[in-house]
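**Q** Quick one: the structure is below, questions incoming.
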Amino acid sequence: MRAIGAASAALLGAAALALTAPPAAAVDPFVVSPSTVNPGGRVVLSAPGCSGTAMASSGVFDTVTIPAGGSTMATVDWDARRGTVYTVSFTCAGGSPGSAQLTIASARTSSTAVPTVTRTSTVTAAPSGVRGGLGGSVGTWNAGELAAGGALVAAATAGTVYLVRRRTASRRH
């Protein structure tokens with residue numbers, strides 16, 4: 001009987017994990033990293049959704065060419081308005097256009113490092129310090145992730161209650 005309970009708990013945990021994992025095909029077709037930067041800062045632009053060369057342009061940096069399968073760096077203008085969200089427009093050679101958002105930080109941040117760049121023959125980056133910061137903890141609420149997390153907690157609680165009640169019921173004999 002204990003093997004059945006352990007197998008049920010393992011199956012329930014595996015199902016909850018599978019439901020909360022992001023789909024493998026969910027790749028952003030256009031990426032601006034970091035998505036928030038100070039005026040004069042640098043951002044890495046990539047277009048993994050494009051099969052060939054892509055162009056990226058915005059009102060806060062010069063138009064740049066992104067090689068197929070790679071990325072490039074752009075420097076944000078020093079006169080970019082703090083707290084403003086700018087649209088970065090991408091155009092794929094032989095593909096559909098798209099966009100991503102770039103936010104200019106409302107206050108000066110202490111980070112001094114340069115984002116990582118995929119090395120290609122046309123991209124060079126100067127070495128710099130470590131980029132410390134908040135990581136993935138800053139962003140918007142995602143309703144799907146919140147629902148999946150709530151379902152996972154509910155499933156774990158229900159499984160625990162079921163196993164505890166079943167164990168105490170078998171000891172009453």
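**Q** If a/c stays under 1.5 just call it rounded; otherwise compare a/b with b/c (prolate if a/b is bigger, oblate if not). Do that for the range 44-104, with a ≥ b ≥ c from the square roots of the Cα gyration tensor eigenvalues.
**A** prolate
**Q** Among 35, 58, 106, which comes first, then next, by fewest other beta-carbon atoms within 10 Å?
**A** 106, 35, 58
**Q** Quick one: length gained pulling residue 167 to residue 103 fully straight, 0.36 nm per residue minus the C-alpha distance?
**A** Net length gain for the segment: 17.6 nm.
FYI, it's all coordinate maths here, none of it is from the lab. In this text, all values refer to a predicted model and were calculated from it rather than measured experimentally. Note that we place each Cβ from the backbone using ideal geometry, even for glycine, and neighbour counts take in every protein chain shown.
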